[in-house]
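Remarks on the structure that follows.
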Amino acid sequence: MKQRKILWVDDEIELLKSHVIFLTNKGYDVSTVTNGQDAVDKVNNESFDVIFLDEMMSGMGGLETLARIKEINSTVPVVMVTKSEEESLMHDAIGGKISDYLIKPVVPSQLLMVCKKLLDKKQISGEYVAKDYLQDFNKIAQSLLGHLDYADWIDIYLKLTNWELELDRHSEVDLRQSLIDQKKECNQEFSKFVENNYKKWIDNIGDYETPALSPEIAEKYVFPELIKSEGPVFFFVLDCLRLDQWLVMEKQLTDLFKIEKDYYYSILPTATPYSRNSLFSGLFPLEIEKQYPDLWNNMKDDERSMNKYEKELFDRLLQRKKVNLKSEMKYMKIIDPEVGRSFEQNIGSHSKTSLMAVVVNFLDMIAHGRSDSDLLKEIAPDEAAYRSLTSSWFAHSSLLGMFRKIANMPKAKIILTTDHGSIRTLRGAKVLGDREASTNLRFKFGRNLKADDKNAVFIKDPEDYKLPNRGLTISYIIAKEDYYFVYPTDYHKYLSYYKDSFQHGGISMEEMILPVVTMESKA
């Protein structure tokens with residue numbers, strides 16, 4: 001490792017010779033000067049990793065020397081050494097003018113601690129990160145050999161996702177590929193788990209052995225807040241929000257809200273026309289078709305707007321569950337920035353609204369837009385960059401502006417969730433079907449559908465999965481893991497075009513295990 005260089009500036013440096021020797025023996029290359037001008041000259045001609053600077057010196061004082069040093073090198077860490085314990089010094093340290101400060105008389109252990117913190121923190125932290133990850137890696141690998149329930153899978157997905165974010169912060173830790181490989185193995189086992197248990201879940205919905213599913217979310221999380229809350233309740237559904245995306249967004253909200261999280265499983269297919277209609281109706285797609293044929297038949301006639309009756313479905317759910325609101329339920333769908341900015345400006349008018357449902361489509365647009373945009377692919381070439389893009393979008397979004405305004409509303413509550421997540425599709429799977437089969441990449445319905453069993457779940461009778469029966473010969477297939485369906489026609493063209501795109505509709509932890517967040521203002 002390259003020897004770290006320290007510059008120590010003090011007009012009484014002879015009295016500190018023992019400290020200089022101490023640091024030298026610890027492996028640091030220490031240069032000394034006795035005045036501010038010599039320090040400035042040194043910094044002009046050499047690079048230093050950290051500078052210890054006496055605050056009270058004859059001639060050019062410590063603060064003036066600090067300013068001159070920062071003009072030459074704004075990034076070099078400077079530790080102020082002082083006899084003063086003034087609060088302003090702490091403010092300077094917190095504000096970034098200085099990196100730290102030491103009170104005279106200085107003891108060797110303080111010096112070493114500051115050097116370790118400023119010069120070796122990343123390396124030391126990375127070593128602990130690697131050690132902790134390898135422990136979790138082994139625990140997860142061991143757990144895959146045992147019997148897992150739905151709650152175990154939530155824990156595994158949370159661990160993997162938190163490690164993704166941790167490795168984002170520690171790019172120097174070379175464990176990214178190990179994590180990718182383990183997540184791939186977990187998704188393989190998770191797909192088998194869902195395939196073996198999903199029918200049992202939907203047949204026994206509400207049982208303690210089954211996860212919370214899409215039709216239960218409003219009744220389980222939103223309606224109880226309507227009873228408890230003395231202020232407005234906002235129900236935000238962020239289309240295509242993954243857990244990792246939420247966690248990077250959450251960091252920007254912790255100062256505004258007290259945040260509680262829970263998790264649920266999306267129904268299959270994990271696609272907007274199914275999962276989001278289920279979220280708002282409290283029903284499975286087959287039940288919507290049977291109970292509300294007036295709405296369902298109109299949706300079928302317009303494939304591009306299968307979610308155009310969300311407000312009506314939510315109203316009917318409120319009526320079925322006999323939820324009495326003090327004022328009419330309001331609904332807003334935000335599909336472009338102009339609508340978002342307008343709603344942000346006017347959201348204060350809903351401070352007396354009992355229940356405001358808001359659908360936000362921007363994340364779904366980013367996911368799909370990345371498939372068609374070379375620029376977005378360049379900006380977000382991998383999962384870490386995709387999270388960074390989400391964080392950047394949110395920091396400047398109308399959505400964050402809405403949350404800030406809601407945080408200032410007396411006794412307001414936000415319940416935030418999503419209808420499904422998305423997965424980065426990396427493996428193509430050939431599928432056969434007739435000309436009228438659907439075009440979705442992660443699930444399909446149609447006649448004579450055929451695909452390899454290792455890549456897909458085949459649903460011969462849609463009613464078994466509480467899916468719409470679109471005809472006696474219509475079946476469904478749902479992709480597992482990170483596969484995407486490609487028809488034989490122009491196979492290689494579409495295989496290449498859709499590889500490494502973010503898609504949804506299939507079976508994976510990213511698409512199915514979803515956050516439900518309750519936020520209460522700290523104000």
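The values are calculated or read from the model by the stated rules, or taken from the named source; none is laboratory data. These figures come from a predicted structure and were not determined experimentally. Please note: Cβ atoms are built from the backbone with ideal geometry, for glycine as well, and neighbour counts cover all protein chains shown.
Can you name the residue in the stretch 113-152 that is modelled with pLDDT under 90 and of a type in the set (K, R) and, of all such residues, is surrounded by the fewest Cβ atoms within 10 Å (Cβ to Cβ)? So, considering only residues that are modelled with pLDDT under 90 and of a type in the set (K, R), the one surrounded by the fewest Cβ atoms within 10 Å (Cβ to Cβ) is K131. Quick check, is M409 out of contact with any strand residue (DSSP E or B) (no Cβ under 6 Å at 6 or more places or on another chain) and at pLDDT 95 or above? Against the criterion (out of contact with any strand residue (DSSP E or B) (no Cβ under 6 Å at 6 or more places or on another chain) and at pLDDT 95 or above), M409 does not qualify.
Checked against (1) in contact with a Lys or Arg (Cβ under 8 Å, 6 or more places away or on another chain); (2) closer than 21 Å to Q110 by Cα, L53 meets all criteria but (1).
With the condition kept exactly as written, say whether any residue in the stretch 228-250 is in the same structural domain as S351 (by TED's automatic domain parsing) and exposed (fewer than 13 other Cβ atoms within 10 Å of the Cβ). Within the stretch 228-250 (the criterion being in the same structural domain as S351 (by TED's automatic domain parsing) and exposed (fewer than 13 other Cβ atoms within 10 Å of the Cβ)), the answer is yes, since at least one residue qualifies.
Checked against the criteria, L295 counts as surrounded by fewer than 24 Cβ atoms within 10 Å (Cβ to Cβ), in the same structural domain as I415 (by TED's automatic domain parsing), modelled with pLDDT under 95 and of a type in the set (A, V, I, L, M, F, W, C).
Cβ-Cβ contacts under 6 Å between residues 6 or more apart (or on different chains), taken from a first residue in the stretch 213-228 that is at negative phi to a second residue that is part of a helix (DSSP H, G or I), are listed as S214/S275; S214/S278; S214/L279; P215/S278; I217/L279. For the stretch 379-402, check the following and say yes or no: at least one residue is part of a strand (DSSP E or B), among the small types (G, A, S) and touching a residue at least 60 places away in the same chain (Cβ under 8 Å). No; the residues of the stretch 379-402 include none that is part of a strand (DSSP E or B), among the small types (G, A, S) and touching a residue at least 60 places away in the same chain (Cβ under 8 Å).
Among the conditions (1) over 16 Å from F234 (Cα atoms); (2) loosely packed, with under 13 Cβ neighbours inside 10 Å; (3) touching a residue at least 60 places away in the same chain (Cβ under 8 Å); (4) not β-branched (V, I, T), D364 misses just one, which is (2). It is to be established whether one or more residues within the stretch 272-287 are farther than 13 Å from S214 by Cα, more than 33 Å from the chain's Cα centre (by Cα) and either in the same structural domain as V516 (by TED's automatic domain parsing) or surrounded by fewer than 19 Cβ atoms within 10 Å (Cβ to Cβ) (or both). No: the stretch 272-287 contains no residue that is farther than 13 Å from S214 by Cα, more than 33 Å from the chain's Cα centre (by Cα) and either in the same structural domain as V516 (by TED's automatic domain parsing) or surrounded by fewer than 19 Cβ atoms within 10 Å (Cβ to Cβ) (or both). Residue pairs whose Cβ atoms lie under 7 Å apart, separated by 6 or more positions or on different chains, with the first residue in the stretch 72-85 and closer than 16 Å to V50 by Cβ and the second polar (S, T, N, Q) and assigned to a loop (DSSP other than H, G, I, E, B), are P77/S99; V78/S99; V79/S99.
Going by the conditions given, is L375 of a type outside the set (G, A, S), on the phi < 0 side of the Ramachandran plot and buried (at least 17 other Cβ atoms within 10 Å of the Cβ)? Let's see the steps before the verdict.
Numbers: of a type outside the set (G, A, S): yes; on the phi < 0 side of the Ramachandran plot: yes; buried (at least 17 other Cβ atoms within 10 Å of the Cβ): no.
Answer is no for this residue.
Is there a residue being touching an Asp or Glu at 6+ places or on another chain (Cβ under 7 Å), surrounded by 19 or more Cβ atoms within 10 Å (Cβ to Cβ) and among the basic types (K, R) anywhere in the stretch 253-260?
Keep residues of the stretch 253-260 that are touching an Asp or Glu at 6+ places or on another chain (Cβ under 7 Å), which gives 257-259.
Checking which are surrounded by 19 or more Cβ atoms within 10 Å (Cβ to Cβ) leaves us with 257.
This time we only want the ones that are among the basic types (K, R), so: none.
No; the residues of the stretch 253-260 include none that is touching an Asp or Glu at 6+ places or on another chain (Cβ under 7 Å), surrounded by 19 or more Cβ atoms within 10 Å (Cβ to Cβ) and among the basic types (K, R).
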